[in-house]
Amino acid sequence: VPTRSVEAKVASALDPSQMPVPFRAQFLRTPVLAPYATGYDPEDEMKINYYSITQSVGNASMLPNRNLLTPILGYNGTFPGPTLKMDRWTKSVVRVRNQLPATHPTMGHNLYTSTHLHGSASLPQFDGYASDIAMPGFYKDYKYPNNQHARTLWYHDHAVHYTAPNVYSGLAGQYHVHDPLERQLLPQGQFDVALTLSDAMFAADGSLGYDDDSHSGLWGDVIMANGRPWPVMQVQRRIYRFRILNASISRSFRPYLSTGDPVTVVATDGGLMPYAQSVYEWRHGSAERYEVLIDFRHYQPGQRVELRNLSNKNNVDYDFTHKMMAFDVTDEPVDTSDPTWNTIPVELNPSNEVMTLKESDATKFRSFRLKRDDITNLWSIDDMNWAEVIASNYRKVIADPELDAVEIWEFDNRSGGWFHPVHIHLLDFKIIGGEDRADFSYEQGPKDVVYCGEGEKVRLLMKFGPHRGRYMIHCHNLPHEDHDMMVQFSVGMAPEDFELDVNDPINA
Ligand code: C2O
Ligand code: CU
């Protein structure tokens, strides 16, 4: 089964002496953003948290050994953006201010943005619809219900045709929803670690280089965790939870531990799996989230454990992409009054609504081919792309399920040599099998991205709701999405009822 990512064809233009050295940088935890106000919605009897985030240019320390600062675009000027932490059943209103310059400082495109909370069942006007943009100088309020199971979501830019360069430049952050079951089962606080992985290549002046090889993808030669190259984190001799997000715009990873020990996967994109799964490695495509427990109890103080990436053969002279980050085990005393310090749960959430759906509940089967046009180089889903959706005045849909319908969708990637992490907005799905594709135990949880590998066919079972509206489906290899591997489906409504029902941006 092919599970590997294509490797870098282009390397950083930095002098080798300026390249970061693995395991020198300190791992940084991403700050948690506090709400600036709280309120109450009497109609829904729910609390509301209000947040404010400003998209702005920042300077990041991605090349710490040379003190070269890297200009980025960031939520509050940082990459990753601040983490937002919610309780389930508390609403949030996130005001995103676009304070970016009119055009990208090195890439030149217009910096209109659209913010998508990836993993949320949002109403259409808050979904980060790619063509629902805010220009520099404007803000938009995004309203999220947070009524789903505890999970790791992430917010990122989704601007039509510029998602790849904007996310690559730094517009991405994590967003966590907590609930009582997850709080009881899994480590919290400092042992619940947001871990955003990405890759980058650098220009000679330390700025980010960009080369997506004619929209095939960008494979940077520097691997970053929370925005730092190959960092080291100090850990106690206990069990930690890592919320691993692959925020690379193209690269997939196959993480494993240098000790040969397994990790325990406890949650997928949509939250807790029915049962925990012990795995030695997993393939992790762009935008997928896996929450894993790593057990540091049996390592010696002073021992270093590396998180590695089973990458393809190296084809650049300087290639450390088989390394990701390292953990240095300390002798710091462990608080054994916290039961999660030594508990690896077995049963998590067997009654998850998506995971208990039955194939026999499905009333429709649809199959979609993933393809690239040899002449235009454009990517498509079942011969449709986003340019056609725009040309139809946003009325063209690839599927039109009824509200609450259960369907099986198949993605067929047997026409080309690329892998595609396919993302469906609005809902969680269950992977129910495929052809020329292994059954991966770590995928046995609710998902919103499916890794459709080279030559694979995969089937998904899902229920269309909870909202009517129109939602996007796209490849999360973002240069593919931008050119133009994105389409939409409607839920419970006819195309003639579509309005570009946007939450009009407000002049800030
Ligand atoms: Cu992670 Cu449509 O996005
Ligand atoms: Cu793709």
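The values are calculated or read from the model by the stated rules, or taken from the named source; none is laboratory data. These numbers come from a predicted model, not from an experiment. Using ideal geometry, Cβ is built from the backbone for each residue, glycine included, and neighbour counts are taken over all protein chains shown.
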Being out of contact with any Phe, Trp or Tyr (no Cβ under 9 Å at 6 or more places or on another chain) and of a type in the set (Lys, Arg), is that true of even one residue in segment 212-234?
no
query: In segment 310-323, is there at least one residue being part of a strand (DSSP E or B) and surrounded by fewer than 21 Cβ atoms within 10 Å (Cβ to Cβ)?
result: yes
Flagged in segment 352-387 as of a type outside the set (Lys, Arg) and within 30 Å of ASP179 (Cα to Cα), in numbering order, are ASN352, GLU353, VAL354, MET355, THR356, LEU357, GLU359, ASP361, ALA362
Just one listed residue, out of VAL263, VAL292, VAL222, VAL235, is assigned by TED's automatic domain parsing to the domain that holds ASP331 and free of Cβ contacts under 8 Å to residues at least 40 places away in the same chain, and it is VAL263
**OP:** Report yes if ASN166 is of a type outside the set (A, V, I, L, M), within 16 Å of the chain's Cα centre (by Cα) and within 19 Å of ILE53 (Cα to Cα), otherwise no.
**Re:** yes
Filtering strands (runs of 3 or more DSSP E) wholly in segment 95-157 for at least 3 residues that are more than 18 Å from MET486 (Cα to Cα), away from ligand 1 (no atom under 14 Å from the Cβ) and over 20 Å from the mean Cα position of the chain (by Cα) gives 138-144
- Check segment 126-137 and report whether any residue there is modelled with pLDDT of 95 or more, in contact with a helix residue (DSSP H, G or I) (Cβ under 6 Å, 6 or more places away or on another chain) and either surrounded by 21 or more Cβ atoms within 10 Å (Cβ to Cβ) or at negative phi (or both). no
Only one of ASP269, ASP213, ASP221, ASP261 is surrounded by fewer than 20 Cβ atoms within 10 Å (Cβ to Cβ), touching a strand residue (DSSP E or B) at 6+ places or on another chain (Cβ under 8 Å) and not hydrophobic (A, V, I, L, M, F, W, C), namely ASP261
query: Does VAL450 qualify as being touching a Cys at 6+ places or on another chain (Cβ under 8 Å), within 16 Å of ligand 2 (Cβ to nearest atom), within 23 Å of TYR162 (Cα to Cα) and modelled with pLDDT of 95 or more?
result: no
Within segment 347-380, of all residues that are among the polar types (S, T, N, Q) and outside any loop (DSSP other than H, G, I, E, B), the one surrounded by the fewest Cβ atoms within 10 Å (Cβ to Cβ) is SER360
### Query
Can you spot a residue in segment 178-196 that is closer than 19 Å to VAL57 by Cα, at pLDDT 95 or above, surrounded by 20 or more Cβ atoms within 10 Å (Cβ to Cβ) and hydrophobic (A, V, I, L, M, F, W, C)?
no
By my count, strands (runs of 3 or more DSSP E) wholly in segment 235-300 with at least 3 residues that are within 20 Å of the chain's Cα centre (by Cα) are 239-246, 263-268, 271-279, 289-295
Taking segment 68-81 and keeping residues crowded, with 22+ Cβ neighbours inside 10 Å and part of a strand (DSSP E or B) leaves ILE72, LEU73, GLY74, TYR75, GLY81
Sole miss for TYR394 among (1) in the same structural domain as THR196 (by TED's automatic domain parsing); (2) within 16 Å of ligand 1 (Cβ to nearest atom) is condition (1)
Taking segment 408-449 and keeping only residues that are on the phi > 0 side of the Ramachandran plot and within 16 Å of ligand 1 (Cβ to nearest atom), one is left with LEU426
